[in-house]
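Written below as C-alpha cells is the structure these notes are about.
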Amino acid sequence: MQLAVEPIAPGYDARLVLVYPNEFADFHHMEDGYLITQIRADLDAEDVLFEASSESGSIVLERGNAETCLTLSVPATATALMAPDTNVVFDIVRIDGAVRDVIPGLWRWPVRKTVTQNVV
C-alpha cells in the first residue's frame, strides 16, 4: 500500500507520523514496554542513519478516541545523512523485558531535494 506523506528534507528536522486504529495498537501492545526503530538507506544497508526510541523521546505515542498516533522525530543532523530523491526504510520493534516483537509494517519514506541547504 502506498500513502502520500510529506517527504523528509535533508538537513532539516523531520516528524514522521503514523496513525494506527486503537484496536491494532492494543493487539500489538504498543503502549507496553518501549518502541525502537532504526532508519536505514535501504533494507540491506548496515549503517544506521538514525535510531529512535520511546525511551529517548524520539518516538511518542498519543492515544485518541479511535486512533493511536505514533510520531517519530528525526533531527536535522540525521536527515542530513539521507540522500535526496531516494527513500529511507524502517520498521518498529516493541521491547518489553525479554519480549521483542516487530510491529507489522515496513515503512519506506521519501527523501526530497532541497534548494536551501545547510542553513545555520
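No lab work stands behind these numbers, since they all come straight from the coordinates. From a predicted model like this one, the values you see are computed outputs, not experimental measurements. Methodologically, a virtual Cβ is constructed for each residue, glycine included, from the backbone with ideal geometry; neighbour enumeration extends over all protein chains shown.
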Quiz item: So what's the back-of-envelope 222 nm ellipticity for the chain, counting only DSSP H runs of four-plus at -39500 (n - 2.57) apiece and dividing by all residues, rounded to 500?
Solution: -1500 deg cm²/dmol
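Assuming R0 = 30 Å, can you tell me the calculated FRET efficiency for the pair Leu106 and Asn22, based on Cβ-Cβ distance, to the nearest 0.05?
Working: r = 22 Å, r/R0 = 0.73.
Working from the Cβ atoms, E equals 0.85.
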Quiz prompt | Per-q log10 I(q)/I(0), the chain, q = 0.11, 0.17, 0.23 Å⁻¹ (Debye; single scatterer per alpha-carbon; no solvent) | solution = -0.37, -0.87, -1.41
Self-check item: Dipole-positive endmost among Val88, Val99, Ala25 within segment 14-111 (Cβ charges, Cα centre)
Solution: Val88
Quiz item: So what is the relative contact order of the chain, in percent, for Cα pairs below 8 Å that sit 6 or more residues apart?
Solution: 35
Exercise. For Phe50, list long-range residues whose amide hydrogen, built 1.01 Å from N in the peptide plane, is under 5 Å from its own amide hydrogen.
Key: Ile39
Quiz item: Among 95-108, 75-88, what's the highest-first ranking by average C-beta atoms within 10 angstrom per residue?
Solution: 75-88, 95-108
Self-check item: Nearest-20 debye value, the chain charge dipole, Cβ charges on Lys, Arg, Asp, Glu
Solution: 420
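Could you give the length gained by full extension between Val99 and Glu67, i.e. 0.36 nm per residue of separation minus their alpha carbon distance, to one decimal place? Walk me through the numbers before you get to the answer.
Values: separation 32, 0.36 × 32 = 11.52 nm, distance 2.43 nm.
That works out to 9.1 nm of additional length.
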Quiz item: How many nm separate the modelled label positions at Thr114 and Asp91, each set 7 Å beyond the Cα in the direction of the Cβ?
Solution: 3.0
Quiz item: For segment 17-24, in order, what is each residue's ³J(HN,Hα) by Karplus, 6.51 cos²θ - 1.76 cosθ + 1.60 with θ = phi - 60°, in whole Hz (x at glycine and Pro)?
Solution: 10, 10, 10, 10, x, 4, 4, 5
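Roughly speaking, what is the stretch gain from Ala4 to Asp32, that is 0.36 nm per residue apart minus the C-alpha to C-alpha distance, in nm to one decimal?
Values: separation 28, 0.36 × 28 = 10.08 nm, distance 2.92 nm.
Result for the pair: 7.2 nm of gain on full extension.
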Quiz prompt | segment 104-110 - phi-based ³J(HN,Hα) in whole Hz, Karplus 6.51/-1.76/1.60, Gly and Pro as x | solution = x, x, 10, 9, 10, 10, x
